[in-house]
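Here is the structure we will look at, set down as structure tokens.
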Amino acid sequence: MAGDGPLEPGSVPTHVGIIMDGNGRWATARKLPRSSGHQEGLEAAKRIVRAAADTGTRYLSLYAFSTENWNRTADEVKFLMGLVTGYLRKELPFYQQVGVRVVHSGDLKRLPRAVRNEVKGVIADTRQFNRIIVNLALNYGGRDEILRSVNRIWKRRLKDSEATPLDADQLRRSLDLPDFPDPDLVIRTGGERRLSNFLIWQCAYAELYFCDKLWPDWGYDDYLAAVRDYSRRKRNFGGSR
Ligand code: FPP
């Protein structure tokens, strides 16, 4: 492992979220179309999934397409959707080799039918793998997720005419992936320092790691460096030190 000595097993984050930023700038710097950056971003995602699995990360959330990304040009949106339909299920040998189970968060209903089918297909294809669970956040927005959660509860309650106040645990259990623990660590590449609507309910106590390196340049050792940085932090969840 890179760095200074082995990581303590207890100090490895269980759930890591990644905001994979910088694909466009990576391509522009090489006078390539932005789509080449996304293509390289996909390769980086595979490297990091492998690194995460090897490090003992059990859950990895990748922010692949946000509810705000629809505002990009039609060509770029089409390319990103094509990347999903063209590659997601084709990577089955990779999922099998690394032991990756894929799940999804976000509003599946509002994605094109081909993308929906690809996502449902990969979820079914990888159900039996269990070394790492990779959450593909696609058409995902934190506020949108909370709203959908509240609306699910509201609909259920209308049926049952239930009138007790809603508590935090009920809301959490209606989120897209109720069995996922909150992220311990959120990594953002590409130099920006914000969450951009990523897992905003779940990140209340996440440790944040920002890095200037653009996503397509990320490799195995970058992931290890982030985990090592996390392992040195003291977390107190609002309690005293
Ligand atoms: C942000 O870079 C990246 C995205 C909006 C797309 C993320 C997609 C990938 C990394 C491909 C991997 C896909 C899967 C299915 C795992 P940006 O375009 O905002 O870059 P910029 O800030 O330099 O313009």
Which condition breaks for Val186 when tested against (1) within 30 Å of Gln97 (Cα to Cα); (2) assigned to a loop (DSSP other than H, G, I, E, B); (3) open to solvent by less than 40 Å² (accessible area, probe 1.4 Å)? (2)
Could you say whether any residue in region 150-170 is within 21 Å of Ser66 (Cα to Cα) and open to solvent by less than 40 Å² (accessible area, probe 1.4 Å)? no
All positions within region 181-204 that are away from the ligand (no atom under 16 Å from the Cβ) and either among the basic types (Lys, Arg) or in contact with a Pro (Cβ under 9 Å, 6 or more places away or on another chain) (or both): Pro183, Asp184, Leu185, Gln202, Cys203
Determine the pairs where a residue that is closer than 21 Å to Asp221 by Cβ, located within region 55-76, has a partner that is at pLDDT below 95 and within 15 Å of the ligand (Cβ to nearest atom) with Cβ atoms under 6 Å apart, the partner being 6 or more residues away or on another chain. none
Tell me, which helices (runs of 4 or more DSSP H) wholly within region 15-96 include 1 or more residues that are surrounded by 21 or more Cβ atoms within 10 Å (Cβ to Cβ), within 11 Å of the ligand (Cβ to nearest atom) and of a type in the set (S, T, N, Q)? 23-29
Could you tell me which numbered condition Lys120 fails, if it satisfies all but one of (1) more than 18 Å from the chain's Cα centre (by Cα); (2) more than 11 Å from the ligand (Cβ to nearest atom)? (1)
Pair list, Cβ under 6 Å, 6 or more apart: region 216-241 residue part of a loop (DSSP other than H, G, I, E, B), other residue not β-branched (Val, Ile, Thr): Trp218/Ala44; Gly219/Arg47; Arg233/Glu207; Phe237/Tyr205
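The values are calculated or read from the model by the stated rules, or taken from the named source; none is laboratory data. Source: prediction; values computed, not measured. Cβ: placed from backbone, ideal geometry, glycine included. Neighbour counts: every protein chain shown. Please note that ligands, DNA and RNA were not included when accessible areas were found on the heavy atoms of the full protein model with its side chains. Shrake-Rupley method; radii C 1.70, N 1.55, O 1.52, S 1.80 Å.
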